[in-house]
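For reference, the structure discussed in these notes is given below.
The values are calculated or read from the model by the stated rules, or taken from the named source; none is laboratory data. This one's a predicted model, so the numbers in the text were calculated from it and none came from an experiment. Ideal geometry is used to build each Cβ from the backbone, glycine not excepted, and the neighbour counts take in all protein chains shown. The area values use the complete protein model at the heavy-atom level, side chains included, leaving out ligands, DNA and RNA. Shrake-Rupley method; radii C 1.70, N 1.55, O 1.52, S 1.80 Å.
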Amino acid sequence: MKNGDLTVVFNTESVWHFFNNKEYRDYVYACKNVAIDGVGLKLALRLRGLSVNRFHGPDLCQKLMTNKLSHERSVLVVGGHSRNEELVSRHKIEGHFPLPFVSKISDFETCLHDLLVFIKRYNGRKFILVSLGLPKQELFCQWLNKAILADASMAHQEVVLIPVGAAVDFLSGHRIRSGRFWQKIGLEWLPRLFREPRMLSRVLRSIAAMFWIILDRRKVKL
């Protein structure tokens, strides 16, 4: 894996963006690695006759952090809350680049030089976890991937870009993760909805996407 491999963590809400945002759809098509997240998506695919393993975002991040040394790789975080810096002092990740000024695509160029310097600072294969929210984080990864490919000084860098949403915020303690009971039954989002009512639009998009997958009669391929 060299020069900016792309990964997508595809959840139920992602389906909505996939069919309504061409830039996001192009990103998904460009990915070499896909991780299925979201119990709604897994259920909808099961009803369509497809069995998939679910890689829940926080668990996927935790696994990367736990196994990083045995695979001679660095785990870096870009974006998310400033509290994610604590993961560095706790030796969970090697570095955190906060991106406080990135709010839209046109802002990305302002941080490119510093971001590439940040990436080059670490040896070995680098797993970069991007925490900016769906679909902005995917568009950021796509932009960064093109920047890495275009920069001759990055030619020998091994970089894997993974958009992870709020998963890192849960691990740093900035956000509260729902209890094990809610995690096991696949309704971890429900207590979070009460804590963060602004998530309602995301939940509604996810429900619409789930029913679209179930009712659409075209063949689904993975």
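From the set of residues in the stretch 160-179 that are in contact with a Leu (Cβ under 6 Å, 6 or more places away or on another chain) and of a type in the set (Val, Ile, Thr), which is nearest to Leu149 (Cα to Cα)? Here the residue is Ile162.
Only one of the numbered conditions (1) at pLDDT below 90; (2) open to solvent by 30 Å² or more (accessible area, probe 1.4 Å) is violated by Cys111, and that is (2). Restricting the first member to the stretch 10-38 and to residues that are within 14 Å of Leu134 (Cβ to Cβ), and the second to residues that are among the basic types (Lys, Arg) and open to solvent by 30 Å² or more (accessible area, probe 1.4 Å), the beta-carbon pairs closer than 7 Å and six or more apart or on different chains are Glu13/Arg202; Glu13/Arg205; Trp16/Arg205; Phe18/Arg25; Asp37/Arg54. Of the helices (runs of 4 or more DSSP H) lying entirely inside the stretch 1-87, those containing at least 1 residues that are open to solvent by less than 10 Å² (accessible area, probe 1.4 Å) and of a type in the set (D, E, K, R) are 12-20. Can you name every residue in the stretch 88-108 that is modelled with pLDDT of 90 or more, out of contact with any His (no Cβ under 7 Å at 6 or more places or on another chain) and outside any loop (DSSP other than H, G, I, E, B)? Of everything in the stretch 88-108, those that are modelled with pLDDT of 90 or more, out of contact with any His (no Cβ under 7 Å at 6 or more places or on another chain) and outside any loop (DSSP other than H, G, I, E, B) turn out to be Ser89, Gly95, His96, Phe97. For the stretch 173-188, the condition holds for at least one residue, the condition being that it is over 18 Å from the mean Cα position of the chain (by Cα) and basic (Lys, Arg). Scanning the stretch 117-145 for residues being open to solvent by 20 Å² or more (accessible area, probe 1.4 Å) and either free of Cβ contacts under 8 Å to residues at least 12 places away in the same chain or under 24 Å from Leu87 (Cα atoms) (or both) gives a total of 11.
For the stretch 151-172, check the following and say yes or no: at least one residue is assigned to a helix (DSSP H, G or I), more than 18 Å from the chain's Cα centre (by Cα) and without any contact (Cβ under 8 Å) to a residue 40 or more places away in the chain.
Our first condition is that a residue be assigned to a helix (DSSP H, G or I); within the stretch 151-172, this holds for 152-154, 167-172.
Now drop any that are not more than 18 Å from the chain's Cα centre (by Cα), which leaves 152-154.
The next check asks that each one be without any contact (Cβ under 8 Å) to a residue 40 or more places away in the chain; those that pass are 152-153.
Yes, the stretch 151-172 has at least one match.
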